[in-house]
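Novice: Below is a structure I'd like to ask you about.
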Amino acid sequence: METINAKIANIRENMMQELDSAGSSESLQALRVRYLGKRGELTQMLRSLGNLPPEKRPAAGQALNELRQEIEAALEARSLLIARAEDEAREATDFVDVTLPPRGRGWGGFHPVVQTMNEIIDIFVGMGFSVAYGPEIEDDFHNFEALNIPPHHPARDMQDTFYLDNGRLLRTHTSPVEVRAMLRWGAPLRIIVPGKVYRRDSDQTHSPMFHQLEGLLIDEDVSLADLKGCLNTFVGAIFGRPLDSRFRASYFPFTEPSLEMDVECFACSGRNPSCRICKGTGWLEILGCGMTHPNVLRYGGIDPDRYNGFAWGMGPDRVAMLKYGLTDLRVLFEGHGSFLTGGGY
Ligand code: DAH
């Protein structure tokens, strides 16, 4: 019994000392294992109670259990202290100031050209046109020949393009999709073709890649009046109010007659001789158009004696420039962050 009591006193003393110097929850856990764990000192003593003479067991057992409770209480008290100290240390280093304003996410947005393109598409879809697409890498047949532009036609000069090694080329306009659509769907037909086109051109008002939106309507008894009505309706919708328009005679190999459409300057209506938008002319040139040439219908597999139609091609980049008052086309394609997110240029 004496030896047991001596051992108990010994453990108590050692344990309390070590507890005082335990500074972290890990060292506390180590202590718990050392004394109370499966092979802990106290546990082993409790197990060896059976070796004592029966009359000594109750007193020794009670003393050991008291020590066990004491140790548990001390560990618990110490662990609260350590946890609080650890919390405080963490707060000091991982400090989060919840009163700071959030960093913000920034807004994504559609590119001005895409916005303009989508507006144009919506307007024509509202008039019953379907949207068609074609390849940007074209062949000579669709880009030129089927559009009534034979190999040595001077009109090819206006559309100097990029040729690929395999004889194909980057399309110079969206008109080749007219031919593809006619061959695919036949007449009657009502399509618009938005897309990218390419030419060897680069200055303030030309970019080697730019956008076009083509339109084609084929049916029986289509007239120039239909073309005018359709395009005037479009102009009123895109600029927000009906605008005067005029059609000037022009030339495109794939239309006959060919016209260029000008609209009244939406900024000054011709009343400001120093208008930045129309340069004082009062008119804005917005598209080329005309009645589809019979040869083109034939190339598209459509009988020109039964059907006729009109077509137009316009530049959404130019429409975007007009709408947003830009003077240099190139800003549209430079990817300037502030410009693209509406921060101005
Ligand atoms: N393809 C012509 C160009 O790129 C634009 C054009 C003019 C298209 C008249 C047409 C049209 O469909 O009828 O310059």
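Novice: Counting only residues that are away from the ligand (no atom under 14 Å from the Cβ) and either under 26 Å from the mean Cα position of the chain (by Cα) or β-branched (Val, Ile, Thr) (or both), how many does the range 297-316 have?
Specialist: Residues that pass the stated criteria total 1.
Novice: Could you check how many residues of the range 170-179 are in a helix (DSSP H, G or I) and out of contact with any His (no Cβ under 6 Å at 6 or more places or on another chain)?
Specialist: Selection size over the range 170-179: 2.
Novice: Does residue 194 qualify as being surrounded by fewer than 20 Cβ atoms within 10 Å (Cβ to Cβ), of a type outside the set (A, V, I, L, M) and more than 12 Å from the ligand (Cβ to nearest atom)?
Specialist: no
Novice: For the condition within 16 Å of the ligand (Cβ to nearest atom), under 26 Å from residue 245 (Cβ atoms) and either over 36 Å from the mean Cα position of the chain (by Cα) or assigned to a loop (DSSP other than H, G, I, E, B) (or both), what is the one hit in 290, 280, 270?
Specialist: Sole residue among the options that is within 16 Å of the ligand (Cβ to nearest atom), under 26 Å from residue 245 (Cβ atoms) and either over 36 Å from the mean Cα position of the chain (by Cα) or assigned to a loop (DSSP other than H, G, I, E, B) (or both): 290.
Novice: Continuing with the same structure: Checking the conditions here, which among 80, 49 is modelled with pLDDT under 90, outside the structural domain of residue 182 (by TED's automatic domain parsing) and either surrounded by fewer than 16 Cβ atoms within 10 Å (Cβ to Cβ) or closer than 30 Å to residue 176 by Cα (or both)?
Specialist: The conditions single out 49.
Novice: Please state which one of 180, 199, 171 is at pLDDT 95 or above, in the same structural domain as residue 308 (by TED's automatic domain parsing), of a type in the set (Lys, Arg) and within 12 Å of the ligand (Cβ to nearest atom).
Specialist: When all the criteria are applied, what remains is 171.
Novice: Which numbered condition in (1) within 12 Å of the ligand (Cβ to nearest atom); (2) outside any loop (DSSP other than H, G, I, E, B); (3) among the hydrophobic types (A, V, I, L, M, F, W, C) is the only one that residue 263 fails?
Specialist: (1)
Novice: While we're on this one: Does residue 289 qualify as being modelled with pLDDT under 95 and surrounded by 15 or more Cβ atoms within 10 Å (Cβ to Cβ)?
Specialist: It is false that residue 289 is modelled with pLDDT under 95 and surrounded by 15 or more Cβ atoms within 10 Å (Cβ to Cβ).
Novice: Given the conditions (1) in contact with a helix residue (DSSP H, G or I) (Cβ under 9 Å, 6 or more places away or on another chain); (2) under 28 Å from residue 87 (Cα atoms), report the number of the one that residue 33 does not fulfil.
Specialist: (1)
Novice: State whether one or more residues within the range 98-107 are under 26 Å from the mean Cα position of the chain (by Cα), touching a residue at least 60 places away in the same chain (Cβ under 8 Å) and not assigned by TED's automatic domain parsing to the domain that holds residue 294.
Specialist: Checking the range 98-107: at least one residue is under 26 Å from the mean Cα position of the chain (by Cα), touching a residue at least 60 places away in the same chain (Cβ under 8 Å) and not assigned by TED's automatic domain parsing to the domain that holds residue 294.
Novice: What's the total number of residues in the range 191-207 that are over 14 Å from residue 125 (Cβ atoms) and either within 24 Å of the chain's Cα centre (by Cα) or not in a loop (DSSP other than H, G, I, E, B) (or both)?
Specialist: Here the count works out to 7.
Novice: Starting from the range 40-62, take each residue that is of a type in the set (Ser, Thr, Tyr) and list its partners that are surrounded by 13 or more Cβ atoms within 10 Å (Cβ to Cβ), counting only C-beta distances under 7 angstrom and pairs at least six apart or across chains.
Specialist: From residues that are of a type in the set (Ser, Thr, Tyr), the pairs are 43/36; 43/37.
Novice: Does any residue of the range 294-305 turn out to be in contact with a Leu (Cβ under 7 Å, 6 or more places away or on another chain), surrounded by 17 or more Cβ atoms within 10 Å (Cβ to Cβ) and assigned to a helix (DSSP H, G or I)?
Specialist: yes
Novice: Can you tell me which residue in the range 142-164 is modelled with the highest pLDDT, limited to those that are within 33 Å of the chain's Cα centre (by Cα) and more than 14 Å from the ligand (Cβ to nearest atom)?
Specialist: Filtering the range 142-164 for residues that are within 33 Å of the chain's Cα centre (by Cα) and more than 14 Å from the ligand (Cβ to nearest atom), the one modelled with the highest pLDDT comes out as 164.
Novice: Residue 31 passes all but one of (1) surrounded by 15 or more Cβ atoms within 10 Å (Cβ to Cβ); (2) over 60 Å from the mean Cα position of the chain (by Cα); which number fails?
Specialist: All conditions are met except number (2).
Novice: Test residue 319 against the criterion of being part of a helix (DSSP H, G or I) and within 16 Å of the ligand (Cβ to nearest atom), and give yes or no.
Specialist: Yes; evaluated as a whole, the condition is true for this residue.
Novice: Would you confirm, using the coordinates I've provided, whether residue 310 is of a type in the set (Phe, Trp, Tyr), touching a helix residue (DSSP H, G or I) at 6+ places or on another chain (Cβ under 7 Å), touching a residue at least 40 places away in the same chain (Cβ under 8 Å) and in a loop (DSSP other than H, G, I, E, B)?
Specialist: For residue 310, the condition - of a type in the set (Phe, Trp, Tyr), touching a helix residue (DSSP H, G or I) at 6+ places or on another chain (Cβ under 7 Å), touching a residue at least 40 places away in the same chain (Cβ under 8 Å) and in a loop (DSSP other than H, G, I, E, B) - is not met.
Novice: For the range 223-252, which residues satisfy the criterion of being within 13 Å of the ligand (Cβ to nearest atom), over 27 Å from residue 327 (Cβ atoms) and buried (at least 16 other Cβ atoms within 10 Å of the Cβ)?
Specialist: 227, 230, 252
The values are calculated or read from the model by the stated rules, or taken from the named source; none is laboratory data. This is a predicted model, so every value here is computed, not measured. In this analysis, Cβ positions are derived from the backbone assuming ideal geometry, glycine residues included, and neighbour counts consider all displayed protein chains.
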